[in-house]
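The values are calculated or read from the model by the stated rules, or taken from the named source; none is laboratory data. Not measured: the values here are computed from a predicted model. Ligands, DNA and RNA are stripped out before the accessible areas are found, and what is left, the full protein with its side chains, is counted by its heavy atoms. Shrake-Rupley method; radii C 1.70, N 1.55, O 1.52, S 1.80 Å.
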Amino acid sequence: MRSATRLLTALVLTASAVAAMAQGMPQTAAASSKSRAEVKADLEMYQRSGLGYLPSPAAYIEVESSAEYRKAYAEYQRLLASPAYKEAVAKYQSGTK
């Protein structure tokens, strides 16, 4: 009976360890609805806004609350809504850099 209890305990511990590891694994990315040109143009706007030069909020949560980050993010949003974004998409669609 003791060996059956040990086996059951080992199975439960193994199953919970596998479940914990599976939760930590990255999920597969969903298909993007953006074209390659749109993604490249988005990255260009991101860099132009200055967000590319700031630490990632995922690494430093307090970055999102800084005035510098908020200013750069507002500029990024403005650029995405501007004609500059559409021009960049057209540039990447035509293949010119």
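Worth pointing out:
- In order along region 85-92, phi translates into HN-Hα couplings of 5, 5, 5, 5, 4, 4, 4, 6 Hz, rounded to whole numbers, per the Karplus curve 6.51 cos²θ - 1.76 cosθ + 1.60 with θ = phi - 60° and x for Gly and Pro.
- LYS86 - accessible surface, heavy atoms, 1.4 Å probe, Å² rounded to 10: 140
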